[in-house]
Every structure is written in structure tokens, then in C-alpha cells.
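The values are calculated or read from the model by the stated rules, or taken from the named source; none is laboratory data. All of these numbers come straight from a predicted model, not from anything done at the bench. Counting neighbours? That spans all protein chains shown, and the Cβs are built from the backbone with ideal geometry, glycine included.
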Amino acid sequence: MTTVAPTLSPSRAADFVMCPLRYRFRCIDRLPEPPSPDAVRGTLVHLVLERLYDLPAADRTPAAAVRLVDPAWRDLVDLEPECAELHSDDAERERWLDSARTIVERYFVLEDPTRLEPAEREVLLEHPHESGVVLRGVIDRVDEAADGTLRVVDYKTGRTPAERYEAAALFQLRFYALLLWRTRGVVPALLQLYYVADGTILTIAPDEADLRRTERRALAIREAIRTAEETGRWEPGERPPCSWCPHQALCPRWGGTPPPLTPGASPPP
């Protein structure tokens, strides 16, 4: 019987830290979650910004970026047909698409894409750690300067987090830097979170000590997940109940009862 190595990505780590029970619902039970307008808009904007850099540099204008929204939306619906059910009518869908167009236009406040040639976009990296855990992640963009230094850029379409939540947001960036360091032997000079909707950039310059701490934290989270798998104890998060969670009916914080665990269930590779 083939044993599948345990994996960890920044998003799954964030799920577990926020709410172990929600991690279980998503990754162990794999319960379906209806698409949310905010999440799908984020996916749409990411797709547009990725395709923007397929255009010749001189053509990367705000108007050109906005024109990419509709075909990107059609492609997204073809890939995930359930997204077509997000809106009750054509007028609501058009208002939602307008909100995506507005975010795309605001991207140009952050930087001038005519002056950039990203080295890589949507790059998947995996690092099999000696502990047996595979660390993995998909980086939105990697820029490389003439001297070989790297910059990691990650796009966000939600609000800039309050200061007390910045560390959680920046953990994702450090995780990406860790993957680059472990797979390519290079510590990125700069990590940047672009909050496109409100024109804010969070920036950090990591070093090897920083990335070693990130690695220890990632492995500690994966060990906590393993313990939860072995004990069957998946506690709700300590934060106030999440009104946006689609699994309220099954959550003890909302008076619900989680379904029985399926024997042998485990996270996807």
C-alpha cells in the first residue's frame, strides 16, 4: 500500500490556525462549500492580473485590463459552472462585474505594469522536508532584478487587515519565501502583499533566520494537524463565531453537531 506524504500549504495552515474544525470540514470531510461572491471576485481579479502580463508591455493599460474581465469571467464559469449561480439576475451580475473592474483599475495605482516583466506567474513550488512533510504553495508572481535578486508579490482583493492580523497575512508570504529558499537556494530580497482594492502594500525583507522560524512554525502546525487526526479532536476556533462560515449548522459554536468522522479519512495530497 502506497503511503501518501502529509502536505501543508499556507492556506491550509491558515484554515487550521483559525479553526481546526473548519479545517476538518474542508480537508478531511471535504464538505462542499458554495462559492462566495467575494472569493470568486478574488479569483477573477487574479486571473485578469495574470493575463495582463501576457500582453505586450506597452498595451498593459487600465482600459486593456478592464477588457480582460469579461472573457476571464466566461472562462471561470466554464471551469467552475457553479459560479454562474452566484447572482439572481443579469443586473446583479453586472454590478458584481463592475466591482471587479474597479479593483482591476485600482491595481494601476500600485505599480506600472508597462515597466515590469515578471519572471514567473502562478508558480507551484513543493519542498519535501526531511520530516516527511511536503510544503507546497502557489506564488502569484516572482520578479527577478538584473542582479538576480527576487521579489515575491501576492495579490489580495479584500481589505487590508488590522494591525493585529498582519502577522497571519505575512506568514503566507514568508511561507512562499521559504519554498523559494529551500527549492532554489535563494532568499527573496523583498516580499510584498498588494491589497489591490484599497491600494495598500505590506512589505517585508526576510533573512534566513526569519525563514527558519517560518519553517518551524509550519512544521508545528502540521504536527498539530497530525495530533488532531490521531485523537479525532477538532475544536472550533477560539475567535467569536464566524457568521460567514458555510458550516454553521454543523458547528458546536452555533448549536450544531459535526458528522461522524469517516474511518481512514485524511487530507488530500
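Is it the case, given these coordinates, that residue 153 is in contact with a Gly (Cβ under 9 Å, 6 or more places away or on another chain), outside any helix (DSSP H, G or I) and not small (Gly, Ala, Ser)? Answer is no for this residue. The residue pairs whose first member lies in the range 85-103 and is farther than 17 Å from residue 35 by Cα, whose second member is in a helix (DSSP H, G or I), and whose beta carbons are closer than 6 Å, counting only pairs six or more residues apart or on different chains, are 101/66; 101/69; 103/45; 103/196; 103/197. Take the conditions (1) aliphatic (A, V, I, L, M); (2) under 25 Å from residue 36 (Cβ atoms); (3) in contact with a Lys or Arg (Cβ under 7 Å, 6 or more places away or on another chain); residue 138 misses just one of them, which is (3). Checking each residue in the range 170-205 for being hydroxyl-bearing (Ser, Thr, Tyr) and either surrounded by fewer than 17 Cβ atoms within 10 Å (Cβ to Cβ) or at pLDDT below 95 (or both) picks out 183, 200, 203.
Quick grid of which residues meet (1) out of contact with any strand residue (DSSP E or B) (no Cβ under 8 Å at 6 or more places or on another chain); (2) not charged (D, E, K, R):
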site: 64; (1), (2): yes, yes
site: 71; (1), (2): yes, yes
site: 78; (1), (2): yes, no
site: 102; (1), (2): yes, yes
site: 107; (1), (2): no, yes
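Listed by position, the helices (runs of 4 or more DSSP H) enclosed by the range 19-133 that each have at least 2 residues that are of a type in the set (Lys, Arg) and either touching an Asp or Glu at 6+ places or on another chain (Cβ under 6 Å) or more than 27 Å from residue 150 (Cβ to Cβ) (or both) are 90-110. Selection of the range 10-66 for residues being in contact with a His (Cβ under 7 Å, 6 or more places away or on another chain) and surrounded by fewer than 20 Cβ atoms within 10 Å (Cβ to Cβ) yields only 31.
Exactly one residue out of 158, 237, 256 is within 27 Å of residue 5 (Cα to Cα) and at pLDDT below 95, and it is 237. The residues of the range 94-141 that are touching a His at 6+ places or on another chain (Cβ under 9 Å) and charged (D, E, K, R), listed by number, are 94, 95, 122, 136, 140. Would you be able to tell me the number of residues in the range 134-149 that are in contact with a strand residue (DSSP E or B) (Cβ under 6 Å, 6 or more places away or on another chain) and either part of a loop (DSSP other than H, G, I, E, B) or over 17 Å from residue 217 (Cα atoms) (or both)? Total satisfying the criteria: 7. Kindly check whether there is at least one residue in the range 62-81 that is out of contact with any Phe, Trp or Tyr (no Cβ under 7 Å at 6 or more places or on another chain), closer than 23 Å to residue 244 by Cβ, charged (D, E, K, R) and outside the structural domain of residue 138 (by TED's automatic domain parsing). Yes, the range 62-81 contains a residue that is out of contact with any Phe, Trp or Tyr (no Cβ under 7 Å at 6 or more places or on another chain), closer than 23 Å to residue 244 by Cβ, charged (D, E, K, R) and outside the structural domain of residue 138 (by TED's automatic domain parsing).
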